[in-house]
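Read through the structure below, which is laid out as structure tokens, and then see the notes.
The values are calculated or read from the model by the stated rules, or taken from the named source; none is laboratory data. Every value quoted in this text rests on a predicted model; they were computed, and no experiment measured them. Neighbour counts run over all protein chains shown; Cβ positions are idealised from the backbone, glycine included. When the accessible area is computed, the model is the full protein with side chains, heavy atoms only, and any ligands, DNA or RNA have been set aside. Shrake-Rupley method; radii C 1.70, N 1.55, O 1.52, S 1.80 Å.
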Amino acid sequence: MTVLESQVNVQPAESGEFLSPKDLADAIGVSESSLKRWVDDGRLVAVRTAGGHRRIPLHEAVRFVRAQRLQLARPELLGVPTVPAETSAPTNEPFLQLLLAENALAARAWLVQRYLGGVGFAALSDGPIRGAMTHVGELWKHSERGIMVEHRATDIAIQALSYLRSLLPPVADDAWTALGFTPSGDPYLMPAMMSAAVLAEAGWHDRNLGPDTPLSAVLEAVETYRPKLVMCALSLEEPGEIARHELVELANKLGERGIYLVLGGRGAPAIDLIGREHVLVVASMVELSAFARGLGASRAVAAQQAAES
Ligand code: B12
């Protein structure tokens, strides 16, 4: 089941970031007047052009389609890559096959289709993406080409993740901030990218410092962004000595200020911080998402109680 480039439908929406009511109505398969009614009753947020025309931001159209669990009649009119129905079988395999076929556009389209269908960023990360990368990570044991294929697949997966990230709705100005990084000596990109996007999906501002980040830069970022949550991704089972020491020092400093430190990845259990207050070791993006949403909800409750008192 290979998907040819020619099978991937992509028709750029008018401006690429905004849709006309007609395009969105046709994409959904409803009349333009129905769509304008949804805008008028506030279920769908539109903006006005200088000429007074309604336009719907792409991320808002995506949010609305997901929230209403709509089956799109013509998904290509959204201007996002989509793949033919038969490739969206509910298994992890298609994404892996698209990575191995180096079909970047179809890999992106496959993720977008599942996202439009209601699967969240965290679940896609823990499911098809992790599954595919685990398979890819074993190839070097079985073939000379294994490392080359791994590098190509990683690049294509990162492209697809970045694209999906660009479809997430903006977060509220007063939302809390989460800082993400990978420690000294750890070259891995994807887990920190994923955890940042998962926090954005949960309504937080995210600041990702990426791979091989020394403690000094993390502390600088804590001063700059005042995060309520700091996430560290450890992809190697045996993190280096520098990383271990820096993380203990970081946990001490964050603990003094009541800032949470979330550790994830196959190296997280090796860091001697388990059981510390304000330190969490989690095994998946879904767990991280649940924790972040819980913190966000507790903030809303505290704000309401403060308002009522
Ligand atoms: C791509 C890759 C590389 C690339 C990274 C490129 C880049 N810039 O990102 C490069 C080429 C650098 C690399 C190098 C090496 N690699 Co490598 N690599 C991989 C590979 C294939 C994918 C990694 C990835 O991004 N996975 C996707 C992420 C999302 O999956 P994940 O790590 O499972 O994370 C999930 C959960 O653990 C959790 N999670 C993880 N982190 C976090 C963080 C937070 C905050 C949260 C909430 C959750 C969370 O959520 C994720 C989604 O479910 C893995 C295979 C694999 N199974 O992942 C091997 C793998 C990690 N590498 C491995 C090895 C051995 C190496 C090398 C030592 C090989 C060598 N001999 O040189 C070097 C080490 C480099 C170093 N400096 O130390 C082994 C690790 C074995 C071990 N037990 O530690 C693996 C498992 C492959 C294998 N099966 O042997 N690698």
Check: Based on the Cβ-Cβ distance from R299 to R257, what FRET efficiency comes out when R0 is 22 Å, to the nearest 0.05?
Finding: 0.85
Notebook entry, point to check: Quick one: if you stick a label point 7 Å off each Cα along the C-beta vector at Q159 and R145, how many nm between them?
Noted result: 1.8
Checklist line | Mean separation of Cα contacts under 8 Å, 6 or more apart, over the residue count of region 85-165: relative contact order % | finding: 39
Next item on the list: Treat each spin label as a single point 7 Å out from the Cα along the C-beta direction, and report the E241 to E32 distance in nm.
Entry: 7.1
Checklist line | With DNA, RNA and ligands ignored, accessible area of T134 (1.4 Å probe; Å², nearest 10) | finding: 80
Check: Which one of M190, S162, L209 is farthest out on the positive end of the charge dipole of region 156-261, using unit charges on Cβ (Lys, Arg +1; Asp, Glu -1) and the Cα centre as origin?
Finding: S162
Checklist line | A270/E249 FRET efficiency (R0 25 Å; Cβ-Cβ; nearest 0.05) | finding: 0.95
Check: From Cα coordinates alone, what are the radius of gyration and Dmax values for the chain in angstrom?
Finding: 21.2, 68
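Relative contact order for the chain: what is it in percent, counting Cα pairs under 8 Å that are at least 6 residues apart? Walk me through the intermediate numbers first.
Working: 498 pairs, mean separation 40.5, N = 309.
It rounds to 13 percent for the chain.
Apply 1/(1 + (r/R0)^6) to the Cβ-Cβ distance of E138 and D173, taking R0 = 45 Å, and write down the FRET efficiency to the nearest 0.05.
Values: r = 44 Å, r/R0 = 0.99.
After rounding to 0.05, the efficiency reads 0.50.
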Checklist line | trypsin sites (Lys or Arg not before Pro), loop per DSSP, at most 16 other Cβ atoms within 10 Å - longest free stretch of the chain | finding: 146-256
Next item on the list: Towards the positive end of the charge dipole of region 177-308, with charges on Cβ (+1 Lys, Arg; -1 Asp, Glu), say which of I242, V222, Q305 has the farthest Cα.
Entry: Q305
